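Laboratory data are not the source of any read-out in this text; all were calculated from the coordinates shown. Keep in mind that what you see is a predicted model, and the values were worked out from it rather than measured. Here the Cβ is made from the backbone with ideal geometry for all residues, glycine too, and neighbour counts use every protein chain on show.
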C-alpha cells in the first residue's frame with residue numbers, strides 16, 4: 001500500500017509531479033466509479049432475478065395476463081363480472097382436426113357421452129294446474145352441465161379356454177392376445193395413466209401412489225417405475241427410433257439441453273447429467289417431432305452421434321459444441337438465436353427500470369432487436385420463399401445496422417458489465433445470427449426448442465432427480481412421445497394407451513413399417529386420440 005504524502009512533502013513537489021499525482025488519483029477514482037457501477041448493476045440484476053418477473057418483454061400492454069398473476073384464483077374472482085361462463089360446446093368440442101363452423105354445435109356434441117336428466121311434473125300436479133287432460137307437452141327446455149368422475153378401476157379377468165382330446169388327451173388352449181408386459185397386472189390404460197400423470201402433468205410417482213391408495217388400489221411406486229421403464233424399453237423406444245429417422249429428413253432442426261441429476265450413475269453425488277432435446281424446425285411446415293436424449297455429460301460427442309446422419313441447418317444457442325461440429329463437417333450449418341442475444345440487455349433494463357433505462361445502451365440495443373422481431377412477426381404466415389425475400393429487403397438492413405452500432409459503442413461500456421457481455425455475445429455470434437436471413441425455413445430464435453424442453457423442467461422441479469440411468473433413458477423416450485403428441489394436437493393419455501395396445505401386437509415383426517400407422521400425424525389414429533383445436 002502506498003504511503004501518504006504530508007503537507008510539507010506536497011509543498012516541495014514540482015508542478016509536474018503534482019500533475020502526475022492528480023492524474024493518477026483521477027484514474028483511480030474513475031476505476032472506482034466503474035467498479036461501483038458494475039457492482040450496483042450486478043446487485044440490481046440479482047435482485048430482479050430473485051424477486052422480479054421473468055418476462056423479457058420491453059413494452060407492457062396494460063393488461064395483466066393470467067399467467068403473469070401470482071394468485072390466479074384471486075384474479076379470477078376479481079374479474080368474474082367480465083369473464084363470461086363458457087358454453088358446453090367450448091368445454092367439450094368435437095374431436096376432429098378441423099376448424100369449427102358456426103351453427104354446428106349440436107353436431108360437434110354428437111360423439112360426447114350425454115346422460116339425459118329429466119325434470120317433470122307428475123300427472124297429479126298437471127291435473128291440479130290444468131284440469132283433467134287439459135294440457136299438452138311442448139318441446140323440453142334443455143340446458144347442459146358438465147360432471148366429473150374420478151379415476152375408477154376394474155379388474156379384467158381373462159378366461160382362456162382349454163380343450164383336451166378324448167382319445168390322446170392332447171391339450172389345446174384358445175389364442176391369448178399379445179399382452180402388454182405378459183404376466184403383469186399392468187394394462188395399456190393403467191400404464192398410460194401413470195405415464196400421463198408423471199410425464200405430462202409432472203406428478204411424482206409417490207404422489208400417484210398415494211392417489212391410487214385413496215381409491216383403494218395399492219401399487220408401490222417401485223412397481224410403477226419398473227412398468228414404465230420396461231414399457232419404454234420394449235415398446236415406445238421403437239417409435240423413438242422411427243421418429244429419429246424422420247427427424248433427419250427435416251432440412252431445419254432445433255436443439256437445446258438442460259441439466260438433470262441422476263442418483264445412481266456411478267459418479268459422485270451431485271454430478272450433472274443432461275437431457276438434450278431436438279425438434280423439427282418451427283417454420284418447416286411438416287408435422288413437429290420432439291426428441292429427448294439422456295447423456296451423462298454435455299460434451300461434443302453426444303450431438304455428434306445424434307446428428308451423424310443429419311444434413312441441414314441446426315438452430316441452437318451459443319453453446320460451443322455445435323460450432324465445433326460445424327467446423328468438422330461440410331453438410332451441417334449452425335444458426336444462432338436472437339432471443340439469447342437480447343437477454344443481457346433485457347436483464348439491465350428490468351433491473352434498472354424501463355423509465356430510467358431509456359438513456360442506456362442496453363435499452364437502445366433492445367429496441368433495435370425488437371424492431372427485427374416486429375418485422376419477423378409480420379412474415380410468420382408467408383411461405384419460406386416469400387419470407388426470405390422479405391427478410392433480405394426489410395430485416396437484413398436492420399441486422400447490419402445493429403452490428404455496426406455495436407462496433408461503434410462497444411468501447412463505451414466496461415467489458416465485464418452486462419451490456420458489455422451482451423455486446424461481446426452478439427459479436428461472437430454474428431455469423432450464426434445472420435443465417436436466418438438466407439433461408440426462409442430458419443427461425444430467428446431457438447424458442448421452440450426451449451418450449452419443448454419446458455415440460456421436463458417443470459417435472460424436474462417436482463421430482464428433483466432421476467434414480468437410475470435406465471430411468472433417465474426411459475424418461476427421455478416417454479417425454480419425447482408426450483411432447484411430440486402435444487405438438488401434434490393429440491391427447492397424450494389416449495395416445496399412450498393406443499401405442500401400448502398396438503405395439504405389443506408387432507413384437508415379432510422384423511421391420512418397423514407398422515410404425516407408419518402409429519405416427520402422431522397418421523390418419524389411421526382413432527379419433528379418441530385427437531384433440532380439438534379451439535380457434536380463439
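Between the alpha-carbon centers of the stretch 161-194 and the stretch 283-354, tell me the distance in whole angstrom. If you average the Cα positions of each part, the centres end up 49 Å apart. Cα-based radius of gyration for the stretch 338-386, normalised by 2.2 N^0.38 Å, reads 1.39.
Cα convex hull of the stretch 212-346: mean projected area in nm², to one decimal?
Details: hull surface 49.3 nm².
Value for the stretch 212-346: 12.3 nm².
Summed over all non-identical Cα pairs, the Kirkwood treatment of the stretch 447-494 gives a radius of 11.6 Å. Sorting 356, 296, 344, 136 from the fewest to the most surrounding beta carbons within 10 angstrom yields 136, 356, 296, 344. Relative to the current alpha-carbon distance between residue 167 and residue 319, full extension at 0.36 nm per residue lengthens the span by 47.2 nm.
So what is the diffusion coefficient of the stretch 427-536 in µm² per second by Stokes-Einstein at 4 °C and 1.567 mPa s, using a Kirkwood Rh over Cα pairs? Display every interim value, and only then the final one.
Values: Rh = 17.1 Å.
For the chosen part, D equals 76 µm²/s.
Across every direction, the projection of the convex hull enclosing the Cα atoms of the stretch 129-217 has a mean area of 15.5 nm².
Computed over the stretch 143-186, the P(r) tail beyond 17 angstrom holds 62 percent of alpha carbon pairs. Each eigenvalue of the Cα gyration tensor of the stretch 466-527, multiplied by 5 and square-rooted, gives one semi-axis; in descending order these are 21, 17, 10 Å.
Where the alpha-carbon atoms of the stretch 404-451 are placed on the principal axes, they occupy 37, 24, 13 Å, in descending order. Multiplying the residue separation of residue 210 and residue 184 by 0.36 nm and subtracting their alpha-carbon distance yields 7.3 nm. Taken over the Cα atoms of the stretch 339-445, the convex hull encloses 92 Å³ per residue.
Report the FRET efficiency, 1/(1 + (r/R0)^6), for residue 28 and residue 409, where r is their Cβ-Cβ distance and R0 is 35 Å, rounded to 0.05. Provide the component values of the computation, followed by the final result.
Working: r = 25 Å, r/R0 = 0.72.
Computed FRET efficiency for residue 28 and residue 409 comes out at 0.90.
Taken over the alpha carbons of the stretch 276-431 as equal point scatterers, the Debye sum produces base-10 log I(q)/I(0) values at 0.08, 0.13 Å⁻¹ of -0.29, -0.77.
I'd like to compare 190-197, 223-230, 253-260: which one has the highest average count of other Cβ atoms within 10 Å, and what's the full order after that? Intermediate values should be presented prior to the final figure.
On the way: 190-197: 22.1, 223-230: 19.1, 253-260: 20.6.
Packing order, densest peptide first, comes out as 190-197, 253-260, 223-230.
What is the gain in length, in nm to one decimal, between residue 367 and residue 136 on full extension, counting 0.36 nm per residue of separation less the C-alpha to C-alpha distance?
Working: separation 231, 0.36 × 231 = 83.16 nm, distance 7.15 nm.
Contour length minus the Cα-Cα distance gives 76.0 nm.
With contacts taken as Cα pairs under 8 Å at a separation of at least 6 residues, the stretch 339-445 carries a relative contact order of 35 percent.
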